Amino acid sequence: MAEQEGIKAKKSENFSEWYTQVIIKSGFVDYTAVSGCLAFRPEAYFVWEQIQAATDKEFKKAGIQNVYFPLLIPEKFLMKEKEHVEGFSPEVAWVTKTGDTELTERLAIRPTSETIMYDSFAKWIRSWRDLPMLYNQWNNVLRWEFKHPVPLLRSREFLWNEGHTVFATQKEAEAERDIILGIYKKITEEYMALPGIIGKKTDREKFAGAVYSCSIEHLLPDGRAIQGPDFHHDGQNFSKAFNIKFLDKDEQMQYAWQNTWALTTREIGVMIAVHGDDRGLVLPPKLAPIQVVIVPIFDKKKREKVLAAARKIEKSLSKVRVKLDSRDDFSPGWKFNEWELKGVPVRIEIGPRDIAKKQVILARRDTYEKKVVKMSKLTTEVNTLLEEIQRGLFKKAEDFLKKNTRKAKTYSELKHIIENNRGFVQACWCGDATCEEKIKDETGAKITNIPFKQEKIFSKCIYCGKEAKYVANFAKSY
């Protein structure tokens with residue numbers, strides 16, 4: 001069984017090869033016959049279901065409703081918002097015929113759903129009483145631009161939520177930013193154990209068609225940044241393109257104000273990359289399909305006695321996701337390796353000697369620590385350990401982020417850090433897109449975002465030497 005072979009690459013030496021081996025050999029995802037499009041195996045899809053459920057619960061608390069719109073988008077819709085279509089045109093896959101019949105108009109396979117949704121919004125919104133309209137859909141999208149897809153981190157087809165909200169005023173629309181980013185922060189930190197830097201994108205990096213974009217930026221173990229969940233304030237750009245108007249309280253016709261926002265299956269790839277180790281996946285307990293695996297250790301004579309005790313333990317742990325591995329055709333050591341490869345947070349080992357002493361051995365996946373626990377205290381110990389692992393994974397990732405976020409006061413310092421250390425480089429920037437572009441051309445590092453939590457300006461602009469307006473984060477990124 002190839003998926004259960006050990007990881008041959010080391011994370012610290014060849015991150016790319018290590019990452020590929022982990023996600024494939026663990027049986028988490030698999031390649032398909034379509035380049036850049038993955039098969040989510042049960043473990044991976046379970047993780048996505050947990051993320052989706054937790055996120056959707058928060059959306060509903062905020063009054064957001066789920067809807068669904070078609071996969072196919074008429075070409076004329078994509079042409080309505082110039083900046084939007086220019087941003088996505090290289091990525092669009094087209095349906096041009098059905099059977100042997102050519103279509104009279106090409107249909108795009110959605111790269112995102114603004115255009116198909118907003119045609120309907122224009123019909124549904126008539127009065128201020130129809131607002132706010134808070135809609136979200138869970139679906140898949142297809143983007144075909146890039147040449148070298150990276151599974152989960154940069155897939156051509158991916159799953160996501162896409163929120164599309166409509167408001168009567170700019171103030172109401174912009175107030176939603178902190179609500180949505182707050183939800184995403186909660187999900188990424190509390191469920192995926194992923195820290196990130198929240199901030200505003202530059203105009204050069206914003207979403208095509210948005211007035212401005214905000215994001216949560218993560219740092220991967222290879223020192224490169226990757227964008228996580230995002231929020232886009234679209235102003236009236238789409239409402240004017242799609243004629244989304246309403247009669248206000250003063251009986252005046254107004255264009256609506258809109259936002260879009262998303263979280264994708266890329267986050268699962270980030271989670272794997274950040275927490276995994278040379279033995280395989282390390283899954284946060286809140287998302288792990290199996291939180292606890294019981295591995296009985298026995299010979300033929302003691303088999304039934306040990307299995308009976310293991311089943312009793314399994315029953316006592318009914319409030320967690322527990323699995324008893326009672327297979328006879330694999331050794332305990334082989335099972336240990338398999339469940340470590342799959343990232344199960346806690347392993348319980350029990351043999352005849354443990355039964356005699358009324359104890360078990362608890363092994364944690366993240367640190368490999370083992371401890372002896374009395375059976376009478378097992379339930380409490382397991383619950384405590386799962387919580388400790390969840391917190392520990394976040395703390396470790398947070399420490400890595402802090403350690404690899406450095407300041408640069410001069411351009412030579414910035415270049416040195418990017419070339420030798422990578423990670424995030426905090427540097428002062430004048431706000432001029434020319435400086436931003438030249439830095440990226442010369443170093444390969446872009447401004448990932450401008451953090452909301454702004455530090456005091458500590459130098460002139462890192463590139464041109466003029467007065468700085470912001471402390472921005474620079475990094476090489478995916």
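So is A445 under 30 Å from the mean Cα position of the chain (by Cα), surrounded by 15 or more Cβ atoms within 10 Å (Cβ to Cβ) and not assigned by TED's automatic domain parsing to the domain that holds D366 or not? When the stated conditions are applied, A445 passes them.
Here A39 clears all of (1) under 26 Å from F207 (Cα atoms); (2) surrounded by fewer than 14 Cβ atoms within 10 Å (Cβ to Cβ); (3) free of Cβ contacts under 8 Å to residues at least 24 places away in the same chain except the condition numbered (1). Against the numbered list (1) over 21 Å from V141 (Cα atoms); (2) in contact (Cβ under 8 Å) with a residue 40 or more places away in the chain; (3) not assigned by TED's automatic domain parsing to the domain that holds V150, G63 comes up short only at (3).
The set of residues in segment 98-110 being in contact with a Ser or Thr (Cβ under 9 Å, 6 or more places away or on another chain) and of a type outside the set (D, E) consists of L103, R106, L107, A108. Among the numbered conditions (1) hydrophobic (A, V, I, L, M, F, W, C); (2) closer than 26 Å to K147 by Cβ; (3) outside any helix (DSSP H, G or I), the only one that V22 does not meet is (3). Of all the residues in segment 188-198, those that are out of contact with any Gly (no Cβ under 8 Å at 6 or more places or on another chain) and buried (at least 24 other Cβ atoms within 10 Å of the Cβ) number 2.
Going through (1) modelled with pLDDT under 95; (2) surrounded by 15 or more Cβ atoms within 10 Å (Cβ to Cβ) one by one, E5 falls short only on (2).
At least 3 residues being more than 21 Å from S213 (Cα to Cα) is the threshold, and among the helices (runs of 4 or more DSSP H) wholly inside segment 42-106 those reaching it are 42-61, 75-78. Taking the conditions (1) in a helix (DSSP H, G or I); (2) within 13 Å of G196 (Cα to Cα); (3) among the basic types (K, R) in turn, K453 satisfies each one other than (1). Is segment 337-348 home to any residue that is closer than 30 Å to M271 by Cβ and among the polar types (S, T, N, Q)? Scanning segment 337-348 turns up at least one residue that is closer than 30 Å to M271 by Cβ and among the polar types (S, T, N, Q). Counting residues in segment 358-368 that are under 19 Å from D299 (Cα atoms), aliphatic (A, V, I, L, M), touching a residue at least 24 places away in the same chain (Cβ under 8 Å) and surrounded by fewer than 20 Cβ atoms within 10 Å (Cβ to Cβ) gives zero.
Every residue, every condition in (1) assigned to a helix (DSSP H, G or I); (2) within 21 Å of F246 (Cα to Cα), yes or no:
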site	(1), (2)
Y135	no, yes
V141	no, no
W144	no, no
E162	no, no
V166	no, yes
R177	yes, no
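Pairing residues of segment 147-163 that are of a type in the set (A, V, I, L, M) with residues that are in a loop (DSSP other than H, G, I, E, B), at Cβ distances under 8 Å and at least 6 apart in sequence or on separate chains, gives V150/Y478; L152/T265; L153/Y478; L159/T265. In the condition set (1) in contact with a strand residue (DSSP E or B) (Cβ under 8 Å, 6 or more places away or on another chain); (2) of a type in the set (V, I, T); (3) at pLDDT 95 or above, T115 is compliant with all but (3). On the given criteria, is K312 of a type in the set (D, E, K, R) and touching a Lys or Arg at 6+ places or on another chain (Cβ under 9 Å)? The answer is no for K312.
The values are calculated or read from the model by the stated rules, or taken from the named source; none is laboratory data. As the structure is a computational prediction, the values presented were derived from the model and not from experiment. Every residue, glycine as well, gets a Cβ built from its backbone with ideal geometry; the counts of neighbours run over all protein chains shown.
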